[in-house]
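Student: Here it is: the structure, laid out below.
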Amino acid sequence: MAGIYIHIPFCKQACHYCDFHFSTSLHKRDQMVAAICKELELRKSEMVETVQTIYFGGGTPSLLTIEELKTILDTVYNQFHISEAPEITLEANPDDIIFNEPIDGQSQINIFEAYKNIGINRLSIGVQSFFEEDLKLMNRAHNATEALACINKAKEHFDNISIDLIYGIPKMTRERWLENIKIALALDIPHLSCYALTVEPKTALENFIKKGIVPPVEDDVAQEHHKLLLEYTEASGYDNYEFSNFCKPGWESQNNTAYWQGKPYLGIGPSAHSYDGNARSWNINNNPLYIKKITTGELPMERESLSKTDKYNEYVMTRLRTKNGVSFTEISKNFGTKYLEYLELQMKEHITSNFLIIDGENLKVTKKGKFLSDGIASDLFLLNLE
Ligand code: SF4
């Protein structure tokens, strides 16, 4: 089973913390949709596996009309073998699907039904916070009222809903984050993705912090927020199946799970990344150039083959973030004894410090080690064993 990721590189406005690829100029939208469809055709032979997940990410996919989304989905179905019950996710921003101008002349309410009618069966809503102060600081295009109204409307039409929240935001108090968690839990939706705010290079947020306009992002505050998150989600029956992801039993994101399991996926659209089991490739992150090259039949991508060591490092990094952790059997089977011995040597110190624990034939991070899992994983990395 495999996945297709489609990057929609447009946003209404630039969120201050964001370093994803997008343009706020939408005037080439029709050309972009045509180019995405052409890329799907050009890369048909790269994906022979049955496709189980289709994911519209971005950028802001909810800026596309129903007709545009349908055109892309029809092309996916025409070019690839799709499973009988695929998971089809659309990332959506609250302001696009509530209160605003009707899209395609349809009523606002019908937008949800229209999504369902073209096959979308999972919504991932970019809420980030239920408080104006946070939304303004991040320069989100929606307000708190729209976020709540959007989720409540979405619930009338969709079961499979996820929302994104961000913690560790400058000036976000413990109480405000706790209130965010409580609001999210009271909404009773099956999936939450919660991320610690990171200050990416060359973003407006980095600039504001450097100039002292915004206070810095504090690691210990984020860690405290993370602790609250674990406590409250666990008490409400959510499973923290990956560091940033929480779900009610049976509502894991199939798309994300496949990614963490190292399954192949095809990334379509500017800046999208692909993985075929042996190499990673990534498309150019420039909208006009992407359209120009694809239109002439050229794939504007770079490719990097992964060595065994690269694959081991990625395996350790992604698996340690998941609840099942690293499997000793898989390390031995996929990488060999030398790698297993190296892992067993490196993990000792973290086991003594109670950051890692051996559970059956798996190595997992403990509650204490969870927030530090990326750092712990990098201590288990190899530079080169070959
Ligand atoms: S809407 Fe999403 S992709 Fe667009 S700028 Fe904001 S965070 Fe980035």
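Student: Filter the stretch 110-159 for residues that are within 25 Å of GLU67 (Cβ to Cβ), within 16 Å of the ligand (Cβ to nearest atom), touching a strand residue (DSSP E or B) at 6+ places or on another chain (Cβ under 9 Å) and not in a helix (DSSP H, G or I) and give the result.
Tutor: Passing the criteria: LEU123, SER124, ILE125, GLY126, HIS142.
Student: Of the conditions (1) surrounded by 17 or more Cβ atoms within 10 Å (Cβ to Cβ); (2) over 19 Å from ASP96 (Cα atoms); (3) under 18 Å from the mean Cα position of the chain (by Cα); (4) of a type outside the set (S, T, N, Q), GLU39 clears all except one; give me its number.
Tutor: If we test GLU39 against (1) surrounded by 17 or more Cβ atoms within 10 Å (Cβ to Cβ); (2) over 19 Å from ASP96 (Cα atoms); (3) under 18 Å from the mean Cα position of the chain (by Cα); (4) of a type outside the set (S, T, N, Q), just (3) comes out false.
Student: For GLY277, only one of the following conditions fails: (1) over 30 Å from ARG29 (Cβ atoms); (2) under 21 Å from the mean Cα position of the chain (by Cα); (3) at pLDDT 95 or above. What is its number?
Tutor: (3)
Residue-by-condition table, conditions (1) out of contact with any helix residue (DSSP H, G or I) (no Cβ under 7 Å at 6 or more places or on another chain); (2) more than 10 Å from the ligand (Cβ to nearest atom); (3) under 27 Å from ARG280 (Cβ atoms):
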residue	(1), (2), (3)
ALA35	no, yes, yes
LYS38	no, yes, yes
GLY59	yes, no, yes
SER62	no, no, no
LYS70	yes, yes, no
VAL76	no, yes, yes
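Student: Does ASP134 fit the bill of being among the acidic types (Asp, Glu) and open to solvent by less than 10 Å² (accessible area, probe 1.4 Å)?
Tutor: Numbers: among the acidic types (Asp, Glu): yes; open to solvent by less than 10 Å² (accessible area, probe 1.4 Å): yes.
So ASP134 fits the description; yes.
Student: Now for a different question. For the stretch 334-343, which residues satisfy the criterion of being surrounded by fewer than 16 Cβ atoms within 10 Å (Cβ to Cβ) and closer than 28 Å to ASN245 by Cα? Walk me through how you get there before you give the answer.
Tutor: First pass over the stretch 334-343, keeping only residues surrounded by fewer than 16 Cβ atoms within 10 Å (Cβ to Cβ): 334, 336-338, 341.
The one that is surrounded by fewer than 16 Cβ atoms within 10 Å (Cβ to Cβ) and closer than 28 Å to ASN245 by Cα: ASN334.
Student: Of the conditions (1) under 27 Å from TYR315 (Cβ atoms); (2) open to solvent by 60 Å² or more (accessible area, probe 1.4 Å), LYS227 satisfies every one except a single condition; which number is it?
Tutor: Every condition holds for LYS227 apart from (1).
Student: Can you give me the number of residues within the stretch 61-83 that are touching a residue at least 60 places away in the same chain (Cβ under 8 Å) and open to solvent by less than 10 Å² (accessible area, probe 1.4 Å)? Full working, then the answer.
Tutor: Of the residues in the stretch 61-83, the ones touching a residue at least 60 places away in the same chain (Cβ under 8 Å) are 72, 76, 80, 83.
Keeping just the survivors that are open to solvent by less than 10 Å² (accessible area, probe 1.4 Å) gives 72, 76.
Looking only at that region, the number is 2.
Student: Return the residues of the stretch 42-54 that are open to solvent by 10 Å² or more (accessible area, probe 1.4 Å) and under 18 Å from LYS293 (Cα atoms); say none if nothing qualifies. First the steps, then the outcome.
Tutor: In the first step, residues of the stretch 42-54 are kept if they are open to solvent by 10 Å² or more (accessible area, probe 1.4 Å); the result is 42, 44-50, 52.
LEU42, LYS44 - these are the residues of the stretch 42-54 that are open to solvent by 10 Å² or more (accessible area, probe 1.4 Å) and under 18 Å from LYS293 (Cα atoms).
Student: Can you tell me which residues in the stretch 241-283 are in contact (Cβ under 8 Å) with a residue 60 or more places away in the chain, open to solvent by 30 Å² or more (accessible area, probe 1.4 Å) and hydroxyl-bearing (Ser, Thr, Tyr)?
Tutor: TYR259, TYR265 - these are the residues of the stretch 241-283 that are in contact (Cβ under 8 Å) with a residue 60 or more places away in the chain, open to solvent by 30 Å² or more (accessible area, probe 1.4 Å) and hydroxyl-bearing (Ser, Thr, Tyr).
Student: Just to be sure I understand, how many residues within the stretch 171-185 are in contact with a Phe, Trp or Tyr (Cβ under 9 Å, 6 or more places away or on another chain) and in a loop (DSSP other than H, G, I, E, B)?
Tutor: Residues of the stretch 171-185 in contact with a Phe, Trp or Tyr (Cβ under 9 Å, 6 or more places away or on another chain): 172, 176-185.
From what is left, the residues that are in a loop (DSSP other than H, G, I, E, B) are 172.
Within the stretch 171-185, residues that are in contact with a Phe, Trp or Tyr (Cβ under 9 Å, 6 or more places away or on another chain) and in a loop (DSSP other than H, G, I, E, B) number 1.
Student: For the stretch 183-197, check the following and say yes or no: at least one residue is within 15 Å of the ligand (Cβ to nearest atom) and within 22 Å of LEU63 (Cα to Cα). Break it down into steps so the answer makes sense when it comes.
Tutor: Residues of the stretch 183-197 that are within 15 Å of the ligand (Cβ to nearest atom), as a first pass: 193-197.
If we keep only those that are within 22 Å of LEU63 (Cα to Cα) too, we end up with 193.
Within the stretch 183-197, one or more residues are within 15 Å of the ligand (Cβ to nearest atom) and within 22 Å of LEU63 (Cα to Cα).
Residue-by-condition table, conditions (1) modelled with pLDDT under 95; (2) under 23 Å from the mean Cα position of the chain (by Cα):
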position: GLN106; (1), (2): yes, no
position: PHE112; (1), (2): yes, yes
position: GLY126; (1), (2): no, yes
position: ASP134; (1), (2): no, yes
position: CYS150; (1), (2): yes, yes
position: GLU156; (1), (2): yes, no
position: ILE166; (1), (2): no, yes
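Student: Where residues in the stretch 160-169 are away from the ligand (no atom under 14 Å from the Cβ) and under 26 Å from GLU224 (Cβ atoms), which of them is surrounded by the most Cβ atoms within 10 Å (Cβ to Cβ)?
Tutor: Result: TYR167.
Student: I'd like to verify a number: residues in the stretch 84-103 that are surrounded by 15 or more Cβ atoms within 10 Å (Cβ to Cβ), away from the ligand (no atom under 15 Å from the Cβ) and modelled with pLDDT of 95 or more, how many?
Tutor: Counting residues in the stretch 84-103 that are surrounded by 15 or more Cβ atoms within 10 Å (Cβ to Cβ), away from the ligand (no atom under 15 Å from the Cβ) and modelled with pLDDT of 95 or more gives 3.
Student: How many residues, within the stretch 186-219, are over 18 Å from GLU242 (Cα atoms), open to solvent by less than 50 Å² (accessible area, probe 1.4 Å) and aliphatic (A, V, I, L, M)?
Tutor: 6
Student: Let me ask something additional. Take residues that are under 30 Å from GLU175 (Cβ atoms) and tell me which of the strands (runs of 3 or more DSSP E) falling wholly in the stretch 209-321 contain 1 or more. Lay out the reasoning, then the answer.
Tutor: Values: elements: 239-242, 245-247, 265-268, 273-275, 279-283, 301-305.
By residue number, 239-242, 245-247.
Student: CYS15 versus (1) open to solvent by less than 40 Å² (accessible area, probe 1.4 Å); (2) within 14 Å of the ligand (Cβ to nearest atom); (3) more than 20 Å from ASN255 (Cβ to Cβ); (4) without any contact (Cβ under 8 Å) to a residue 40 or more places away in the chain: which is the lone unmet condition?
Tutor: Answer for CYS15: the failing condition is (4).
Student: Within the stretch 292-333, can you find the residues that are of a type in the set (Val, Ile, Thr) and surrounded by 15 or more Cβ atoms within 10 Å (Cβ to Cβ)? Full working, then the answer.
Tutor: Of the stretch 292-333, the ones of a type in the set (Val, Ile, Thr) are 294-296, 309, 316, 318, 322, 326, 329, 331.
Within the stretch 292-333, ILE294, THR309, VAL316, THR318, THR322, VAL326, ILE331 meet the criteria.
The values are calculated or read from the model by the stated rules, or taken from the named source; none is laboratory data. Since we're looking at a predicted model, the values are computed, not measured. For neighbour counting, all protein chains shown are included, and Cβ atoms are generated from backbone atoms with ideal geometry for every residue, glycine included. Just the protein is used for accessible areas: all its heavy atoms, side chains included, with ligands, DNA and RNA removed. Shrake-Rupley method; radii C 1.70, N 1.55, O 1.52, S 1.80 Å.
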